[in-house]
Amino acid sequence: MRFNALGCLRMVAALLASAVLVTPALAGLGGSANSVTADIAVLHGQLLSTPFVQYDRHQITTSNAVVNEYVTRGGQVFAVTWQGRIPPNLQQLLGNYFSRIQAAAAAQGPRPGRHSHFSVVQSDLVFVNTGHMGAFRGIAYLPALVPEGVSVGNLQ
């Protein structure tokens, strides 16, 4: 299946606008660990929490995706990853950073082709989303909050 420029633009618009019709973000990326509870409710998922030495991973599994939220020992969400058939509610997961990602997507315009790769790399925010219809994967993190010694490349 081939995507033309208009089709790709529609896919990106749907991905970023999908959360507009849902409950507004409460905290998300950069917020407190309490935002994980709100994310579970909005995503209608099941939670599995795993403690690591430098952070906790809260994995939310839904019928369409798996979302991992990484929380520092200080209680802040420093990274979010996702993979699944459809992208999760990014407005909920990215919180206050969602509007920056949305603006960057609008500025980049359509990206034709079968596979989509969209990234925003700024000094205080990194967002990468890749995939195609039926298979999406991504990560968003705040470099300043990543615990010392943690490699974001190991976060899945």
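When region 132-156 is filtered for residues that are at pLDDT below 85 and in contact with a strand residue (DSSP E or B) (Cβ under 8 Å, 6 or more places away or on another chain), the ones remaining, listed by number, are HIS132, GLN156. Residues that are more than 14 Å from GLY31 (Cβ to Cβ) and without any contact (Cβ under 8 Å) to a residue 40 or more places away in the chain do occur in region 66-89, at least one of them. Identify all residues within region 142-151 that are without any contact (Cβ under 8 Å) to a residue 40 or more places away in the chain, exposed (fewer than 14 other Cβ atoms within 10 Å of the Cβ) and under 19 Å from GLY75 (Cβ atoms); write none if there are none. The one that is without any contact (Cβ under 8 Å) to a residue 40 or more places away in the chain, exposed (fewer than 14 other Cβ atoms within 10 Å of the Cβ) and under 19 Å from GLY75 (Cβ atoms): ALA144. For region 97-117, check the following and say yes or no: at least one residue is under 26 Å from GLN54 (Cα atoms), in contact with a strand residue (DSSP E or B) (Cβ under 9 Å, 6 or more places away or on another chain) and modelled with pLDDT of 90 or more. Yes, there is a match, as at least one residue in region 97-117 is under 26 Å from GLN54 (Cα atoms), in contact with a strand residue (DSSP E or B) (Cβ under 9 Å, 6 or more places away or on another chain) and modelled with pLDDT of 90 or more.
The values are calculated or read from the model by the stated rules, or taken from the named source; none is laboratory data. Owing to the predicted nature of the structure, the values given are computational and were not obtained by experimental measurement. Here Cβ is always computed from backbone atoms with ideal geometry, including for glycine, and neighbour counts include all displayed protein chains.
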